[in-house]
1. So I66 fits all but one of (1) buried (at least 18 other Cβ atoms within 10 Å of the Cβ); (2) modelled with pLDDT of 75 or more; what number is the exception?
2. What is the residue count in the stretch 54-108 for residues that are of a type in the set (S, T, Y) and part of a loop (DSSP other than H, G, I, E, B)?
3. How many residues, within the stretch 300-331, are farther than 20 Å from P87 by Cβ and assigned to a loop (DSSP other than H, G, I, E, B)?
4. Condition first: buried (at least 18 other Cβ atoms within 10 Å of the Cβ) and of a type outside the set (S, T, N, Q). Now tell me which residues in the stretch 308-323 satisfy that.
5. Output the residue which, of all residues in the stretch 78-115 that are acidic (D, E) and surrounded by fewer than 20 Cβ atoms within 10 Å (Cβ to Cβ), is nearest to R54 (Cα to Cα).
6. Select from the stretch 181-240 the residues that are farther than 18 Å from Y253 by Cα, at pLDDT below 70 and either in a helix (DSSP H, G or I) or among the polar types (S, T, N, Q) (or both) and list them in ascending order.
7. Being surrounded by 17 or more Cβ atoms within 10 Å (Cβ to Cβ) and either in contact with a Gly (Cβ under 9 Å, 6 or more places away or on another chain) or not in a helix (DSSP H, G or I) (or both) is the filter here, so list the residues in the stretch 288-299 that pass it.
8. Is it true that some residue in the stretch 283-296 is at pLDDT 95 or above and within 26 Å of A74 (Cβ to Cβ)?
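The values are calculated or read from the model by the stated rules, or taken from the named source; none is laboratory data. These numbers were taken from a predicted model, which means no experiment stands behind them. Methodologically, a virtual Cβ is constructed for each residue, glycine included, from the backbone with ideal geometry; neighbour enumeration extends over all protein chains shown.
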Amino acid sequence: MAAADRFRFLTKTANRHMESSPSSHWARMTEAGNYAGLVFIYWIFRCLGRRVFRVVLFPVVAYFYIARREARRASREYLEHLYQSSPGVLSSPPGLMTSFRHFQQFGEAALDKAIAWSGKLPGGCIDIVDEPAYRTVFDDTRGRLIIGSHLGNLEFCRGFASQHREVLVNALVYDQHAINFNRVISRLNPKSRVKLLQVTELNIPTMLSLKQKIDNGEWVVITGDRIPVIGGVRRTVQAEFLGAPAPFPIGPYILASTLQCPVSLLFAYRQGGRLKANFEIFSDRIVLDRAQRDAQIRKWAQNFADRLAANCRAAPLQWFNFYPFWDPKID
C-alpha cells in the first residue's frame, strides 16, 4: 500500500464513529487546578520547601476529596480492582483513608509535575528500572513514539530526557489550553525542549506533521489509558486490566503503524522517596494488516494494559484516572 493510501486508510479508521462520547468523559470534568496553579505551587515549594507545601496541600486535597464525588468513586473502584486482582499489593481492603491517600498522592504529583517542567530535577534523583532498555532508547538517534500513561508522573521523563540527550519531545494532549500551558513551561524553563501539541483527532495533516517530526529524530509522546475525546468508547478496544475488561484507545497503535518508528513505553513514579523511570521496549515497528487490523490492535492494547497493571502494582496509589474507567457511560 502506498504511503499516502496508508495515511488515508489509517486516519479514516482512527476517526470513524465520532458521533458519541461518554457522558462522564474525563475531558468534560473540570481539572483540579489550572496551569497558573502549577506555577503557584512550584513557588511555594521553592520558597518554603516540601514540608510546608504538604501542610498547604492537606486542606486543598480534603476539599476536593469531599467535593468531587465522581472522582472519589473512581478512586475506590480502581483500588478495589487492584485489591481483588493483586493480593498483597494493598495491605487491607481499600476504604476511605486509602482513597484519601490516593488523592494526596495526586496532589504531590502536581508539585512533581511543576518541578519536572522547570527542568530542576536534582541530579541522581531518578533510578532507572531497566538499564538495557534505557540505553536502547537514548542511544538510538531515530525518532520514537513513546506511549505513556497516567500512572505516576510522565513529566519526570520529559524533563529527564533533556538532561541526557538533546531530544525534542512532542507531547500530544487533548487540552484546549495547550498553547497557554506552553507559555507556562517557557516561564518555568526557558530552555525546555518539550512542546505540547493539542490533538483532538488523528487526521491526515496531523499524521503528516508527526511523521516529519519522527523523521527529524524527535520523540512523540501519547498516553494509552484515556478514552478519546472524539468518538469516545467507539474508538477503543476491550482489554483485561486488573481483573476486568476495560476500554483502551486504539489511537496509539494506529499512530505507531502510520509513523513506522520504534515504540517504547514510559512509566515514572515515586517509590520509597526515590523517582523510578521505567523505559520498556514495546516494538521496533507496529504493522497493522487491513484484514487483521482489529485483532492486532486488541493484541497491542492488551500488551499495554498488562504492562500498565504491572507498574500499578509497583506504585499502587499513583494511577490518576479519576473517572469511571471500567464502565464509562455513553450519551
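1. With respect to (1) buried (at least 18 other Cβ atoms within 10 Å of the Cβ); (2) modelled with pLDDT of 75 or more, I66 is out only on (1).
2. Qualifying residue count, the stretch 54-108: 3.
3. 11
4. L308, A309, C312, A315, P316, L317, W319, F320, F322, Y323, listed by residue number.
5. Ranking the qualifying residues of the stretch 78-115, first place goes to E108.
6. Scanning the stretch 181-240 gives F181, N182, R183, V184, I185, S186, R187, L188, N189, S192.
7. Listed by number, the list holds a single entry, L288.
8. Within the stretch 283-296 (the criterion being at pLDDT 95 or above and within 26 Å of A74 (Cβ to Cβ)), the answer is no, since none of the residues qualifies.
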